Amino acid sequence: MVLAKFMDISMLPEKYKSLTQEQMETRIREIKDKLGEELFIPGHHYQRDEVIQFADVTGDSLQLAQVAAANKKAKHIVFCGVHFMAETADMLTEDDQIVYLPDMRAGCSMADMANIYQTEEAWLELTKTFGDTIIPLTYVNSTAAIKAFTGRNGGACVTSSNAKSMVQWAFTQKSRLFFLPDQHLGRNTAFELGIPLEHMAVWNPISGKLEYEGALEDVKVILWKGHCSVHEGFTVYNIQEVRKKYPNMNILVHPECSREVVALSDDNGSTKYICDVIEAAPAGSSWAIGTEMNLVKRLIATYPDKHIISLNENMCPCLTMNRIDLPHLLWALEIIEQGGQGNVIAVDKEVTAQALLSLERMLARA
Ligand code: 13P
Ligand code: SF4
């Protein structure tokens, strides 16, 4: 199996460090105007404001996958998000469309928690134990190689906005689910669909063992022991403090938060869902939001008529999302303008073919 590969891991040239914000913004506008529809810039909700202002479209992971698949015009797609999102865009676009990631170090620590070797080893063990009863589902926050594993084993991708319908679909295929790499999204989704926690086991990729105390025949869901370090930063203590200080405040969190946090909150959903709920909320309503800080700060600035705070006021932005800044965006655009090919995300063809099976099974139901 050949893994998805980076074609370039070079670092930001020195010259970009001495430009002013205004100089960079002017150059970015010039290049955008010059390239017109040849250039397309999707931006995830967690991106910095300085970058989001140049995005042609913003959205959650599902929306960005959909727009990448639909865009047949742009020759250059500069993805303002993290590595797995750019890989997904590369796989869903045509061969003559090139996807760039402005900073190749913009990974996702959760996606890195499941590598293909650990996953194949886990699959071998789990199918030995449970036979042909398991279907794999992978959160899109995973490498192309994990998506390919899922595809060739009859499974699909999910995002935080379609996880419920994909889990329901998965149970029409097999009686057990192997959900990776985010144990929290898997647990929250299965629980909300009525599967008791006692029927969920955890696969520990480090020990190579199944963590489960009941009888094996009761296992319905096997959760990969991965997590998002940003969303694990929201705690039961944070909820208790908000409830004490603001008894009427609504608590809205992303489903990458732990089961305990989601259970104590008022609502949960993808970044798009969070944006939609806040947009529709009446003036004067109050909200504590449990998700990444760039998005929470943007919501606070966009809706001054609503009282919005972060569920954890000490939270930092997602460090890898934050790596995409104005200098990196300008650098990527100048590479394109000069006809170069740096910062390209190009997934291996064999991996792409198998990963597309799992992406297309998801997009067909989205
Ligand atoms: P969304 O699909 O909800 O935008 O989530 C992506 C992500 O990385 C959350 O941490
Ligand atoms: Fe990955 Fe978490 Fe950052 Fe989302 S917030 S990109 S899951 S590390």
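Read-outs: derived from the displayed coordinates by stated rules, not from any lab. Only a predicted model underlies this, so the values are computations on that prediction, with no experimental measurement involved. When we count neighbours, we look across all protein chains shown, and the Cβ atoms used for this are built from the backbone with ideal geometry, even at glycine.
Computed from the C-beta positions of ASP33 and LYS75 and an R0 of 22 Å, the FRET efficiency is 0.90 to the nearest 0.05.
Please give the residues of the stretch 301-326, grouped as numeric ranges, whose backbone N is less than 20 Å from a label point set 7 Å along the Cα-to-Cβ vector of GLU241. Taking a point 7 Å out along Cα→Cβ of GLU241, the residues of the stretch 301-326 whose backbone N falls under 20 Å are 307-319. P(r) for the stretch 120-159, from all Cα pairs and a bin width of 5 Å, is 6, 25, 30, 24, 11, 3 %, short bins first. Between the amide H of VAL158 and those of THR138, TYR139, VAL140, distances stay under 5 Å, these residues lying 5 or more places away or on another chain, with hydrogens modeled in the peptide plane. The modelled label-to-label distance between ARG105 and LYS128, using points 7 Å beyond Cα along the C-beta direction, is 4.0 nm.
Extension gain, LYS297 to MET11, is 100.1 nm, computed as 0.36 nm per intervening residue step minus the present C-alpha separation.
Across the stretch 204-302, the convex hull enclosing all Cα atoms gives 136 Å³ per residue. The slack between GLU198 and THR172, meaning 0.36 nm per residue of separation minus the straight C-alpha distance, is 7.3 nm. At an R0 of 30 angstrom, the distance between the Cβ atoms of GLN338 and GLN21 translates into a FRET efficiency of 0.85. Beta-bridge orientation, the chain: approximately 15 percent antiparallel, per DSSP, counting only bridges with both partners inside. Is it possible to state the helix-based mean residue ellipticity at 222 nm for the chain, with each DSSP H run of 4+ residues giving -39500 (n - 2.57), the sum divided by total residues, to the nearest 500 deg cm²/dmol? What is it? So the calculated ellipticity at 222 nm is -12000 deg cm²/dmol. Cα convex hull, the stretch 1-143: 139 Å³ per residue, rounded to a whole number. Summarising the strand pairing of the stretch 63-212, around 20 percent of its internal DSSP beta bridges are antiparallel. Sorting 127-136, 354-363 by their mean Cβ neighbour count within 10 Å, with the most densely packed peptide first, gives 354-363, 127-136. Taking R0 as 56 Å, what's the FRET efficiency between SER286 and LEU216 from their Cβ-Cβ distance, rounded to 0.05? Efficiency for this residue pair is about 0.75. Could you please state, rounded to a whole Å, how far the C-alpha centre of the stretch 273-287 is from the C-alpha centre of the stretch 100-120? Their Cα centres are 33 Å away from one another. From largest to smallest, the equivalent ellipsoid semi-axes obtained for the stretch 269-366 from the alpha-carbon gyration tensor read 34, 22, 13 Å.
Cut-off 10 angstrom, C-alpha nodes, Gaussian network model of the chain. Which of GLY155, GLY339, GLY59 fluctuates the most? Looking only at GLY155, GLY339, GLY59, the biggest GNM fluctuation is shown by GLY339. At q = 0.11 Å⁻¹ the log10 of I(q)/I(0) for the chain amounts to -0.76, computed by Debye summation with a single uniform scatterer per C-alpha, solvent ignored. Centre-to-centre, using Cα atoms only, the stretch 164-242 and the stretch 124-148 are separated by 14 Å.
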